[in-house]
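The values are calculated or read from the model by the stated rules, or taken from the named source; none is laboratory data. The structure displayed is predicted, hence computed values, not measured ones. When we count neighbours, we look across all protein chains shown, and the Cβ atoms used for this are built from the backbone with ideal geometry, even at glycine. Calculation scope for accessible area: heavy atoms of the full protein, side chains included, ligands and nucleic acids excluded. Shrake-Rupley method; radii C 1.70, N 1.55, O 1.52, S 1.80 Å.
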Amino acid sequence: AMARAVRRDMHKMTAFVRFREVRDAEDREAYVAWFEPEHFIVERVSSFFLKRFSAMRWSILTPQRCLHWDGATLHLTAGATKTDAPNEDAMEAYWLTYYANIFNPARLKIKAMKAEMPEKYWRNLPEAELIAPLIAGAGRRSDAMVATAPPQPPERHLRQAQRQPEPMTRHGAV
């Protein structure tokens with residue numbers, strides 16, 4: 001059970017870290033994230049972040065340990081506090097717009113969503129402020145989707161479909 005809990009915590013860290021852009025003392029671009037793991041996993045998940053974000057300079061701050069990647073070397077430091085991390089950045093509005101637009105009200109399963117993204121993580125996720133309003137409007141948006149006729153495919157798709165031979169089964173035409 002403990003191994004499973006640690007693996008889940010590692011997965012949640014890779015899924016719920018949100019980097020925010022900052023400028024360093026030399027006015028260079030860097031990214032900082034805050035995360036609160038339940039277990040001592042920071043060093044263990046560092047390889048994921050090194051592979052995924054090797055081209056950018058970043059720091060991940062946690063209460064236990066912090067990771068800092070300068071583009072060449074990974075540094076580990078003592079833990080930090082949430083106030084050491086930025087609250088928002090210039091991309092925040094874009095991220096919230098993206099999140100709101102990929103939300104599919106027709107596929108909403110609140111219990112499954114909360115199982116994958118437990119509410120204890122919401123306080124550190126910028127998109128969490130959108131969840132309640134998106135859920136509240138899901139029924140209305142879903143009804144509107146059903147009531148709206150599907151758009152016609154682009155003309156080139158219609159022409160391509162006309163050129164395709166009829167599908168065949170083993171015993172002849174369908």
For this session: Skip the ligands, DNA and RNA, and give the accessible area per residue of the chain with a 1.4 Å probe, whole Å².
Result: 69
Problem set entry | Ranked by how many other beta carbons lie within 10 Å on average, peptides 87-93, 126-132, 153-159 from highest | 126-132, 87-93, 153-159
Problem set entry | Summed side-chain charge close to Tyr94 - residues other than Tyr94 whose Cβ falls under 14 Å, Lys, Arg +1, Asp, Glu -1 | -3
Seminar exercise, completed: If every Lys and Arg gets +1 and every Asp and Glu gets -1 at its Cβ, then about the Cα centre the stretch 102-160 yields a dipole, in debye to the nearest 20, of 160
Exercise. With every protein chain present, what accessible area does Tyr98 have (1.4 Å probe, heavy atoms only), rounded to the nearest 10 Å²?
Worked result: 120
For this session: Report the full-extension gain for the segment Lys111 to Ala147: residue separation times 0.36 nm, less the Cα-Cα distance, to one decimal in nm.
Result: 10.3 nm
Problem set entry | Calculated [θ] (222 nm, deg cm²/dmol) that DSSP helices of n ≥ 4 give over the chain, each run adding -39,500 (n - 2.57) | -13000 deg cm²/dmol
Seminar exercise, completed: Sorting Thr81, Ser142, Val45 by the position of each Cα along the dipole of the chain (Lys, Arg +1; Asp, Glu -1; all at Cβ), the one nearest the positive end of that ordering is Ser142
Exercise. For Lys51, which lysines qualify as cross-link partners when the Cα separation must be under 24 Å and same-chain residues fewer than eight apart are set aside?
Worked result: Lys12
Exercise. Which of the peptides 64-73, 103-112 is most tightly packed, and how do the rest follow, judged by the mean count of other Cβ atoms within 10 Å per residue?
Worked result: 64-73, 103-112
Exercise. Suppose R0 equals 35 Å; then what is the FRET efficiency for Trp95 and Glu38 from their Cβ-Cβ distance, rounded to the nearest 0.05?
Worked result: 0.90
Problem set entry | Dipole magnitude of the chain about its Cα centre (Cβ charges: Lys, Arg +1; Asp, Glu -1), debye to nearest 20 | 980
